[in-house]
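Quick notes on the structure that follows.
Computed from the coordinates by the stated procedures, all read-outs in this text should not be read as laboratory data. In this text the structure is predicted, and so the values were computed from the model without any measurement. Virtual Cβ from ideal backbone geometry, glycine too; neighbours counted across all protein chains shown.
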């Protein structure tokens with residue numbers, strides 16, 4: 001079998017120290033800006049947005065009392081399914097194709113990046129919306145994706161003495 | 001601005017040591033098995049494979065002198081484009097929609113995971129085929145994706161003293 005990651009970090013508890021430090025990295029400091037679409041949009045609107053912004057996921061939201069509240073998400077796979085069925089995208093409401101909030105895996109701003117990465121791997125998702133729970137509302141405040149984690153991995157491999 | 005990754009690894013050169021160790025992780029020890037499709041297939045075949053295997057990318061290959069040689073790749077976005085154009089996928093050769101090898105960003109088995117992650121971020125790709133150059137042929141021997149990097153990140157955050 002391949003050498004485990006820990007093999008390269010052995011000796012004098014170094015591995016454990018690095019893990020503890022890595023777990024200090026917080027979602028709130030690394031989240032990126034999610035691309036959102038209003039829940040009254042069509043599947044076609046979502047598709048155009050994905051192509052224009054080169055995205056894999058669009059978040060479906062509504063505004064409630066000044067908050068951007070998450071109600072669903074749409075992936076490229078969702079759109080591919082309906083496109084292949086040759087349905088008329090401009091006539092399909094986004095709410096018919098999206099995954100709804102109760103089924104979406106999320107993270108909180110105060111979670112660690114490590115916890116976020118665990119969820120991405122465990123639930124086989126590309127990204128996680130960052131949700132601030134406010135008065136029972138799911139305020140969408142960001143996004144953590146596999147790209148976020150990959151960028152941080154590059155930063156970890158580029159550290160200099162500070 | 002957010003605290004840099006290095007902030008958590010400062011003191012007594014720990015950050016630099018950590019980076020050097022991380023760069024020892026090699027592509028050849030972490031690559032996963034790519035899902036391939038023969039170059040004579042159709043766009044419909046690729047789409048079915050993506051849905052069955054829950055993939056974002058399928059590699060298009062041919063066999064040459066016993067080697068599986070990479071000739072192209074097809075992403076979900078490529079398929080979404082033709083599906084939306086309502087073209088007849090079973091009649092479209094995969095070679096018409098794929099990105100061809102000269103335009104594909106690759107890594108070698110002996111590259112570091114760090115270099116692979118840099119390429120994923122720099123070129124905005126989801127994954128990299130791992131290519132073993134043999135007598136001028138691009139032998140496809142694996143795959144490194146953002147999921148690979150995310151899994152390693154989770155391992156880094158889980159290290160115990162060994």
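Give me the log10 of I(q) over I(0) for the stretch A:88-162 at q = 0.24, 0.26 Å⁻¹, as the Debye formula computes it from C-alpha points; what are the numbers? Taken in order of the listed q values, log10 I(q)/I(0) reads -1.12, -1.20. Remark: the Cα gyration tensor places the stretch B:7-80 in the prolate category, a/c being 1.5 or greater and a/b exceeding b/c. Most simply put, the protein assembly as shown has about 85% antiparallel DSSP beta bridges, counting only bridges with both residues inside it. The radius of gyration of the Cα set in the protein assembly as shown, together with its Dmax, comes out at 21.1, 66 angstrom.
Relative to the longest principal axis of the C-alpha atoms of chain B, give the angle of the C-alpha long axis of helix B:43-53, reported between 0 and 90° and rounded to the nearest 10°. On a 0 to 90 degree scale, this one is about 40. Rounded to the nearest 10 degrees, the angle from helix B:146-156 to the longest Cα principal axis of chain B is 20 degrees. Could you give, in nm with one decimal, how far residue B:90 is from each other copy of that position, shortest first, with labels 7 Å out from Cα toward Cβ? Counterpart label points of residue B:90 in the remaining copies fall at 2.9 nm. Helix A:113-122 axis versus longest C-alpha principal axis of chain A: approximately 60°, rounded to the nearest ten. Cα centroid separation, the stretch A:27-42 to the stretch B:25-76: 31 Å. Largest GNM mean-square fluctuation across A:90, A:34, A:109, computed for chain A with C-alpha springs under 10 Å, falls on A:90.
Just the number, please: percent antiparallel of the DSSP beta bridges in the stretch A:15-133, rounded to the nearest 5. Approximately 75 percent, going by the DSSP bridge assignments. What is chain B by shape, rounded, prolate or oblate, if you read a ≥ b ≥ c off the alpha carbon gyration tensor as root eigenvalues and call it rounded for a/c under 1.5, prolate for a/b larger than b/c, and oblate otherwise? Because a/c hits 1.5 or more and a/b exceeds b/c, chain B counts as prolate. The separation of the stretch B:141-156 from the stretch A:115-162, counted between C-alpha centres, amounts to 15 Å.
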